[in-house]
1. Which residue out of 112, 74, 92, 85 is in contact with a helix residue (DSSP H, G or I) (Cβ under 6 Å, 6 or more places away or on another chain) and in a helix (DSSP H, G or I)?
2. Please determine whether any residue of the range 127-134 is loosely packed, with under 11 Cβ neighbours inside 10 Å and of a type in the set (Val, Ile, Thr).
3. For the range 141-155, indicate whether the set of residues that are touching a Gly at 6+ places or on another chain (Cβ under 7 Å) and either without any contact (Cβ under 8 Å) to a residue 60 or more places away in the chain or of a type in the set (Asp, Glu) (or both) is non-empty.
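What follows draws every value from the coordinates through simple rules; no lab data is involved. All figures in this text were calculated on a predicted structure; none of them were measured in a lab. For neighbour counting, all protein chains shown are included, and Cβ atoms are generated from backbone atoms with ideal geometry for every residue, glycine included.
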Amino acid sequence: MPADTIAPSRPAPSQTTAPDAVAAQAAASQTTAPQKPRPQPNGGARPRPDGLDRSEEGAATFVQASDGLKRISAACMTVGSDNMAALTEAGALAGRLMTDMTKSYIDAVSYAAVTYAGLGRDCLTCRTPADVVEFQKKALEGFTETYEASSKVYSNLFEAFSTAFEPLMARAADGPERMFRAFAD
């Protein structure tokens, strides 16, 4: 058939009128428009295998996180209070030891003063070279004794502070492990 004789199945766009175009568009939109889904009782979510909905799951997660935080904060408080107790214990022990050390130091200084005062008197009584040799021997013994006494004071001082800070050192070594266990649980 010749192309002139075939009738178009639809009018060309330039041949349509405005009301026909609006009606055609309305008809096309009615047939292809999606329908609104009906509301579902659980908000459209798939049912969970454990039977919990999302709000219950969120609440359960929040409770677990809260319990974990409570456990961790309790462990932190325990470690902190133990450290404070160790610090108090070390301070009290250091105070007692310092009192003892002060007494030992005063005793050592008094002994040295008495020894050196006696050596001063003995020095003035030297008349012969034999007296000077005897005085030197006595002075060397006095210096040695006072040196030993002061050395003992300083040794005791070091030992006292080492003893006083043992509780702190033990807790300092134990604290990180206890904190790690609290976070690991």
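1. Among 112, 74, 92, 85, only 112 is in contact with a helix residue (DSSP H, G or I) (Cβ under 6 Å, 6 or more places away or on another chain) and in a helix (DSSP H, G or I).
2. Yes: the range 127-134 contains one or more residues that are loosely packed, with under 11 Cβ neighbours inside 10 Å and of a type in the set (Val, Ile, Thr).
3. Initially, the range 141-155 is screened for residues touching a Gly at 6+ places or on another chain (Cβ under 7 Å), giving none.
Checked the range 141-155: no residue is touching a Gly at 6+ places or on another chain (Cβ under 7 Å) and either without any contact (Cβ under 8 Å) to a residue 60 or more places away in the chain or of a type in the set (Asp, Glu) (or both).
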